[in-house]
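Report on one structure; see the data block that follows.
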Amino acid sequence: MAEIAKEVNVAGDARDLHSLLFSPTRDFLIRNNGEQVKIDSLKGKKIGLYFSAEWCGPCQRFTPELVEIYNELSSSKVGFEVVFVSGDEDEESFKDYFSKMPWLAVPFTDSETRDRLDEVFKVRGIPNLVMIDDEGKLVNENGVGVIRSYGADAYPFTPEKMEEIKKEEERARREQSLKSVLVTPFRDFVITPDGKK
């Protein structure tokens, strides 16, 4: 089950979104078509830093889930963006994997920024999805678990939203009935062993 998010100051120091994603030679991120997108365009959004790589089997399975949630949130215009932080070993693998993603990425050539983000967010395994706000403050360090457990319903991924979800789950467990377990919006019947409704 997804952990409740923790609000912490990234690495205990004063970092902002710009300093996290910026490099001395670059003030932009890229799309998979090569388009450059200014880092400042992320203001006002919740951001998922997605640490992943093409060679990683669990990443290959999680990425389509994240694409689905990203598309759902993008269509509702809630202010969510994902930034791919590649762990690929060569640019060809990066490009091939990134071509399947509708979001932004730190350019593969900027290994200094990618390594710094790994260090700042203490990435020890992938896939890893870290949710930050537009000021660069960590709001949820368990984005993969949150997306797998709750999908888009967890937006904006804050500690308050996670607490709200936990309370709703508890309420649902306390008030559970046979009808609440068996009935769905698409089915309000059961089938007998001989196939009758």
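The values are calculated or read from the model by the stated rules, or taken from the named source; none is laboratory data. On a predicted model such as this, the values are computed, not experimentally measured, just so you know. Neighbour counts are summed over all protein chains in view; Cβ atoms, including those assigned to glycine, are modelled from backbone coordinates with ideal geometry. When the accessible area is computed, the model is the full protein with side chains, heavy atoms only, and any ligands, DNA or RNA have been set aside. Shrake-Rupley method; radii C 1.70, N 1.55, O 1.52, S 1.80 Å.
In the chain, which longest range has no GluC sites (Glu not before Pro) that are both DSSP loop (not H, G, I, E or B) and surrounded by at most 16 other Cβ atoms within 10 Å? Looking at the chain, 36-88 is the longest stretch - no exposed GluC sites (Glu not before Pro) with at most 16 other Cβ atoms within 10 Å. Structural descriptor for the range 21-94: relative contact order 33 percent, calculated from alpha carbon pairs under 8 angstrom and at least 6 residues apart. The distance separating the Cα centre of the range 31-61 from that of the range 146-176 comes to 25 Å.
Solvent exposure of the chain, expressed per residue, is 56 Å² of accessible area, with all protein chains present and a 1.4 angstrom probe.
Annotation for the range 35-97: trypsin sites (Lys or Arg not before Pro) lying in DSSP loop with at most 13 further Cβ atoms inside 10 Å of their Cβ are Lys43, Lys77. 3J(HN,Hα) along the range 107-112: x, 4, 5, 9, 5, 4 Hz, from the Karplus curve 6.51 cos²θ - 1.76 cosθ + 1.60 with θ = phi - 60°, whole Hz, x for Gly and Pro. Counting only heavy atoms of the protein chains and using a 1.4 Å probe, Asp110 has close to 20 Å² of accessible surface. Loop-resident trypsin sites (Lys or Arg not before Pro) (DSSP state other than H, G, I, E or B) in the range 113-168 with no more than 16 further Cβ atoms inside 10 Å of their Cβ: Lys122, Arg124, Lys137. For the range 92-197, the normalised intensity computed at q = 0.15, 0.22, 0.24 Å⁻¹ comes to -0.84, -1.32, -1.42 (log10 of I(q)/I(0), Debye sum over alpha carbons, equal scatterers, no solvent).
Within a Cβ distance under 11 Å of Thr63, other residues only, what is the Lys/Arg minus Asp/Glu net charge?
-1
Karplus-derived 3J(HN,Hα) values for the range 158-173, using 6.51 cos²θ - 1.76 cosθ + 1.60 with θ = phi - 60°, are 7, x, 5, 5, 5, 5, 4, 5, 4, 5, 5, 4, 4, 4, 4, 5 Hz; glycine and proline are entered as x. Here the chain is treated as a sphere whose radius is the Kirkwood value from Cα pairs; by Stokes-Einstein at 37 °C and 0.692 mPa s it diffuses with a coefficient of 180 µm²/s.
With both bridge residues required to lie in the chain, what share of the DSSP beta bridges run antiparallel, to the nearest 5%?
So the antiparallel bridges in the chain amount to around 60 percent.
Projecting the Cα atoms of Thr192, Gly44, Phe121 onto the charge dipole of the chain, computed from C-beta unit charges around the Cα centre, puts Thr192 farthest toward the positive end.
If only the Cβ of Lys and Arg carry +1 and only the Cβ of Asp and Glu carry -1, the dipole of the chain around its Cα centre is close to 900 debye. Think of the range 59-115 as a dipole: +1 on every Lys or Arg Cβ, -1 on every Asp or Glu Cβ, centred on the Cα centre; then among Cys59, Tyr97, Ile69, Ile69 lies furthest on the positive end.
Nonpolar atom fraction for the range 72-186, defined as the carbon and sulfur part of the 1.4 Å probe accessible area, stands at 48 percent.
Apply the a/c threshold of 1.5 to the C-alpha gyration tensor of the range 30-135 and tell me whether it is rounded, prolate or oblate. Rounded shape, in that the Cα axes give a/c under 1.5.
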